[in-house]
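Below: one structure, written as structure tokens.
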Amino acid sequence: MSESPQLTYGEIDRTVLDTLRPPTGGYWLVIMVLILGVLLGAACWVYQIFVGIGAGGQNIPVAWGTYLINFVFWVGIANSGTLISAILYLFRAGWRNPIARAAETMTVFAVSIAGLFPFIHLGRIWIVYYMLPYPNQRYLWPNFQSPLVFDVVAISTYLTVSSLFWYTGLIPDLAAVRDKATGVRKKIFTILSLGWTGKHEQWRHYTRGYLFFAALATPLVVSVHSVVSWDFALSVVPGWHSTIFAPYFVAGAIHSGLAMVLTLMIPLRKIFRYERILTMKILEAVAKTIIFTGLIVGYAYAVEYFLAWYSHNAVEMEAFRWRALGDYSLEFWIMVGCNSLVPLLFFFKRIRTSIPWLLGISILINVGMWYERFVIIVGSVAHGFIPHAWGLYRPSAIEFGIMLGAFSLFLLFFLLFLKHLPSISMTEMKETLDHGGDHGD
Amino acid sequence: MEGTMATDISVIGLFSDEQKTAAVIEDMSGYPWQIDRVHSPFPSHKIFDALKLKKSPVGWFTLVGGILGFFTGFGLAIYTALEWKLIVWGKPIVAWIPFVIVGFECTILFSVFANVLGLIVLGNLPDYKGLEKYDTRCSADHFGIVVSCEEEEQEQVLEFFKNNGGEARVFE
């Protein structure tokens, strides 16, 4: 990177705007495959609505299966987008700029997908409005002491705030696209950019407002996954009832989100020839942060065992013994290996500067984080207080179909975004150049 | 600087360098023309300093929104709990600790709404009319200083921009 000549404003625009050219046939083929995946998921959901929630494999004692696993997984993915865009913005970490837009977009789509799962899990979707605080003749309101209602409030706030944050960040770039566009496209981008001209009065308010956005989004991102963790921690189930859950979930969410950023950005870098913008130093910075979050997650796993042992509570001790050695031990060791041990490979510079290793490890972390949610959600209730209530769970084909649909929907949204909106913030990249050049530092 | 003079003549000087743009703005203080606006492809603190801009008051919108949100969140939770006095988990009807979550989330939500409102109101958005006298290079790689002047000063302004290494033209 340091040998190559400094980027220019014009080069940044050209590189990013080139990505918005009409796509090739291969792109549409992938879009078609993803639409088929979405339709399959939708068909499974419709089938479940007609047949009943029993179409899924969830039953007593494991009443929360893949629907809740996927819910927590996608909220976790969503968390890191705001971490990168807001928290690193406040810390003035220059390496965030080339990945912030994609991470914010990932947040908006991931939290939308996450929000679908409670609806899917409801079964009787048509009475979802019971969760809304609206005046009614029966004086029945949502119970604001319930962690499930905390979730409704937190997730809907997060979706609203992250969408507004994303759109606000896009406005100057939408204006840049407008100024290069012609015909109908120009008209659309004129409306979307709100007539932005980048005059000093607009920037004066924008920079201040964006700073407040970041400052407000930062505590929100911490609160959202803490609230998700309280869905579990506020119960008395062994393995769930723990004070470590909020920071443990937040760290895990950031861990998975950073891994997802790598998984998405590495192919993007290759396909869109972003090598000069999305430098190896940036990917390395993400990898180093993953080491840090991986160590926190590993520490949390260890502390859970310490707390179980230190409590001298027989049920708690048995729950954790069974996690490592019982029916779901394979899932447990996948979790430990992928989330805590594999990321340690990033200590080696040769590995964290190798694209295949970065991509491979990021995918493994995503797999590990999905299994972490499996171990927590399924493992705890499957082996609770009394042996009489123990039971195992395997997801049904309907659940797999819905899960496939969710992943397809996420990728579909993301691919549509890539070809229609600037996937790297041109404004922030130019600002970074202005502040001293090497954005990878 | 903020207002325009009673004339229709607007001249834009385009520069490709941020530092140069800031220097030109500072040099203009010795001339009678008024800087109407300065366009830039990204927020430039050098230009802000040259224009001696004050901090934006958008934070007041955010603060008011936050206060409203705090009371709305707590108010909603308390009001609904009092509407149907159902004891849950042995906690008091008005249970402050769980209501902090609702209060907190509403504080953030309303602050953000008010922040966006502040950006829209103060930034005068949407501003489609502003596109009529605008050079599209200002969103890419140029900085544009737009000056309002009397008709007889027009040539002098054009000359000034050109002498400073810029490109200049009159908006029709």
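The values are calculated or read from the model by the stated rules, or taken from the named source; none is laboratory data. Please read these numbers as outputs of a predicted model, since none were measured by experiment. No Cβ is skipped: glycine too gets one built from the backbone with ideal geometry, and neighbour counts run over all protein chains shown. Quick note on the areas: whole protein, heavy atoms, side chains included, nothing else; ligands and nucleic acids left out. Shrake-Rupley method; radii C 1.70, N 1.55, O 1.52, S 1.80 Å.
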*Quick one: what Rg and Dmax do you get for region A:288-402 from the alpha carbons, in Å?*
16.3, 52
*Relative contact order (percent) for chain B, with alpha-carbon contacts under 8 angstrom and 6 or more residues of separation?*
48
_Out of all Cα-Cα pairs in region A:1-153, roughly what percent, to the nearest whole number, are more than 26 Å apart?_
51
*Taking A:Lys288 as the anchor, which lysines have their alpha carbon closer than 16 Å to its alpha carbon, excluding any fewer than eight residues away along the same chain?*
A:Lys349
*asked:* Can you tell me the orientation of helix A:147-180 relative to chain A, as the angle in degrees between its alpha-carbon axis and the longest Cα principal axis, to the nearest 10?
replied: 10
*Which is farthest toward the positive dipole end of the protein assembly as shown among A:Leu148, A:Val315, B:Ser40, measuring Cα position about the Cα centre, with Cβ charges +1 (Lys, Arg) and -1 (Asp, Glu)?*
A:Val315
*Output the relative contact order of chain A, whole-number percent, from Cα pairs under 8 angstrom with separation of 6+ residues.*
32
*Distance between modelled label sites at A:Phe347 and A:Ile271, nm, 7 Å Cα→Cβ extension*: 3.6
*Using a cut-off of 10 Å between beta-carbons, work out the net charge of the residues near A:Lys199 (Lys and Arg +1, Asp and Glu -1, A:Lys199 not included).*
-1
_Using θ = phi - 60° and Karplus 6.51 cos²θ - 1.76 cosθ + 1.60, couplings along region A:233-247 (whole Hz; Gly, Pro as x)_ = 5, 7, 8, 10, 5, x, x, 10, 7, 9, 6, 7, 4, 5, x
*Would you mind checking B:Lys54/B:Lys162; A:Lys187/B:Lys133; A:Lys430/B:Lys46; A:Lys419/B:Lys133 for any pair whose Cα atoms are more than 19 angstrom apart?*
B:Lys54/B:Lys162; A:Lys419/B:Lys133
*Once both axes come from the Cα atoms, what is the angle between helix B:58-83 and the longest principal axis of chain B, in degrees from 0 to 90, rounded to 10?*
20
*Radius 11 Å from Cβ of B:Arg137, net charge of other residues (Lys, Arg +1; Asp, Glu -1)*: -4
*Might you work out the accessible area of A:Arg21 for me, using a 1.4 Å probe with all protein chains in place, and round it to the nearest 10 Å²?*
150
*Taking every residue in A:139-149, how many Cβ atoms of other protein chains lie within 10 Å of its Cβ, on average?*
6
*Length-normalised contact order for region B:58-122 - Cα pairs under 8 Å, 6+ apart - percent*: 60
_Ellipticity estimate at 222 nm from DSSP helix runs (n ≥ 4, -39,500 (n - 2.57)) divided over chain A, nearest 500_ = -23500 deg cm²/dmol
*Given a Förster radius of 25 Å and the C-beta distance between A:Leu416 and A:Arg21 as r, what FRET efficiency does 1/(1 + (r/R0)^6) yield to the nearest 0.05?*
0.95
*Calculate, in nm to one decimal, what A:Ile296 and A:Asn143 gain on full extension: separation in residues at 0.36 nm each, minus their alpha carbon distance.*
51.7 nm
*Please give the contour-minus-distance gain from A:Leu122 to A:Asn136: 0.36 nm per residue of separation, less the Cα-Cα distance, rounded to one decimal in nm.*
2.9 nm
*Along Cα→Cβ, 7 Å out, is where each label goes; now give me the distance between the ones at B:Thr136 and A:Phe400 in nm to one decimal.*
5.2
*asked:* Taking the Cα of A:Ile49, stepping 7 Å toward and past its beta carbon, and measuring to each backbone N in region A:127-143: which are under 14 Å?
replied: A:127-129
*Percent of C-alpha pairs per 5 Å bin, region A:138-202, short to long*: 4, 15, 16, 13, 11, 9, 7, 7, 8, 6, 3, 0
_Nearest-ten-degree value, helix A:280-311 long axis tilted from longest Cα axis of chain A_ = 20
*Charge tally in the Cβ shell below 11 Å around A:Phe150, where Lys, Arg are +1 and Asp, Glu are -1, A:Phe150 excluded*: -3
*asked:* Placing one identical point scatterer on every Cα of region B:1-155 and ignoring solvent, what is log10 I(q)/I(0) from the Debye formula at q = 0.11, 0.13 Å⁻¹?
replied: -0.62, -0.73
*How big is the Cα convex hull of region A:190-298 in projection, averaged over all directions, in nm²?*
10.6
*Treating only the Cβ atoms of Lys and Arg (+1) and Asp and Glu (-1) as charged, compute the dipole magnitude of region A:316-441 about its Cα centre; round to the nearest 20 debye.*
340
*Could you point to the residue in A:Tyr301, B:Leu122, A:Asn79 farthest towards the positive end of the protein assembly as shown's charge dipole, with +1 and -1 charges on the Cβ of Lys/Arg and Asp/Glu respectively?*
A:Tyr301
*Say the dipole of chain A comes from +1 at the beta carbon of Lys and Arg and -1 at that of Asp and Glu; which of A:Tyr371, A:Met280, A:Thr427 then lies farthest toward its positive end?*
A:Thr427
_Rounded accessible area of B:Lys55 (nearest 10 Å², 1.4 Å probe)_ = 150
_From the gyration tensor of the Cα coordinates in region B:29-110, what semi-axes in whole Å does the equivalent ellipsoid have, largest first, with each one equal to sqrt(5λ)?_
50, 11, 8
_From the P(r) of chain A, could you give the percentage of C-alpha pairs in the tail past 39 Å?_
23
*Let me know the charge dipole size of chain A about its Cα centre in debye, to the nearest 20, where only the beta-carbon of Lys, Arg (+1) and Asp, Glu (-1) is charged.*
980
_Take A:Val367 and B:Trp89, extend 7 Å from each Cα along the Cα→Cβ direction, and tell me the distance between the two endpoints in nm._
3.7
*For A:His312, what accessible area in Å² do you get when you roll a 1.4 Å probe over the heavy atoms of the protein chains, rounding to the nearest 10?*
140
*asked:* Let me check the size of region A:3-91 from its C-alpha atoms; what are the radius of gyration and Dmax in Å?
replied: 21.6, 63
*Heavy atoms only, probe 1.4 angstrom, no DNA, RNA or ligands counted: give me A:Tyr305, A:Tyr248, B:Tyr79 ranked by accessible area, highest first.*
B:Tyr79, A:Tyr305, A:Tyr248
